[in-house]
Amino acid sequence: MTILQVNYFLAAAAAGSLTQAADELGISQPTLSEQIRKLEQSVGVALFTRAKQGLTLTEAGQRFLPHARKVARDYTAAMDSVSGIRDRQEGTVAFGMFNSGQYVLSGLIPAFRSLYPNIHVRVIGSNSAQVADLVRAGRLEAGVVALPIDARGLTMGDVLWSCEAAYFHTKPALTEPVTIEGLLQRPLVLPDSGWAQNDPTRRQLSERAQTIGMPFIPDIEVETGAAALAIAASGTAAAVASVPVAEALGYTNRLNYVSLDPPLIETFAIISRDPASLSPATQAMIKLAEEHMRMLHRQYQPT
């Protein structure tokens, strides 16, 4: 039994004629007759008595009628209950973002809210590895992450943005790119202390240190990129940070910075667990995030 068959039954019962009901529904009479026949097969009993004078309900049809009306009302109410979410008029977006994303993607949420003012937005800023774990666990629908991450159980979109991470310091005499050997010889502060082993930037730096047989252990570990750059500005230690993030925080004017040798390139993509089950609001957030990240890529594309 389908809701279409129930609605056809109600139309035929109200019209008392298959021809009239078919005209009112805008379908052919054979189509209407076939669906009512399938409904009767489904319930196992005839619902109408058919005669030249028209249709009349059988005893079973009379008993079925109030329940069919209730089914039709409940179906309409069920569809109405999700219309706000379907039409992006209400609901919640649960979206993840790498720790420093709030600085470089600061225009994302205002842009989203201007389009969908009644949708609640919940953005969790964390290390990319943690964002991936939250999406994998179903606590977030999607998120923007720095690569590489553990992508098991996730759907990863294309790389939409890449930028350079540079060496920020207070030594005016240092103008040449810094090798991994030079990095290990100087005091260094890095963010994402809680996810040190899984942080994408640290993984790249650790791999470089391994090529020369050295462990990679920063002198100072803090939680955020903003804290790392603040310590670098104090002269206590240098920091490796994304150039766009440092610029957004005002540190490209306060600190000297040079490239690493070879340059360290950070790449970013959007992940989700099951694209087919994303809410309409999250789909809209992803579309806006993609637009913002492409804009950032054009602005900060590594040379």
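The values are calculated or read from the model by the stated rules, or taken from the named source; none is laboratory data. Since we're looking at a predicted model, the values are computed, not measured. When we count neighbours, we look across all protein chains shown, and the Cβ atoms used for this are built from the backbone with ideal geometry, even at glycine.
Details
- The number of residues in the range 275-294 that are more than 25 Å from G91 (Cα to Cα) and buried (at least 16 other Cβ atoms within 10 Å of the Cβ) comes to 0.
- Taking the conditions (1) part of a helix (DSSP H, G or I); (2) assigned by TED's automatic domain parsing to the domain that holds V258 in turn, L174 satisfies each one other than (1).
- The helices (runs of 4 or more DSSP H) located wholly in the range 1-60 that include 1 or more residues which are surrounded by 14 or more Cβ atoms within 10 Å (Cβ to Cβ) and of a type in the set (D, E) occupy 18-25, 29-43.
- Of all residues in the range 240-261 being without any contact (Cβ under 8 Å) to a residue 40 or more places away in the chain and not charged (D, E, K, R), the one that is farthest from A173 (Cα to Cα): G250
- Helices (runs of 4 or more DSSP H) enclosed by the range 73-119 - at least 2 residues per element that are farther than 30 Å from L4 by Cα and at pLDDT 85 or above: 101-104, 108-115
- Scanning the range 181-218 for residues that are exposed (fewer than 13 other Cβ atoms within 10 Å of the Cβ) and farther than 19 Å from A232 by Cβ yields a count of 8.
- Per-region count, the range 165-180, residues over 24 Å from P148 (Cα atoms), surrounded by fewer than 21 Cβ atoms within 10 Å (Cβ to Cβ) and in contact with a strand residue (DSSP E or B) (Cβ under 8 Å, 6 or more places away or on another chain): 6
- Only listed residue being over 17 Å from the mean Cα position of the chain (by Cα), without any contact (Cβ under 8 Å) to a residue 40 or more places away in the chain and not assigned by TED's automatic domain parsing to the domain that holds Q283, chosen from A196, A165: A196
- Entirely in the range 226-274, the strands (runs of 3 or more DSSP E) that have 3 or more residues that are crowded, with 22+ Cβ neighbours inside 10 Å, in contact with a Cys (Cβ under 6 Å, 6 or more places away or on another chain) and not assigned by TED's automatic domain parsing to the domain that holds R203: none
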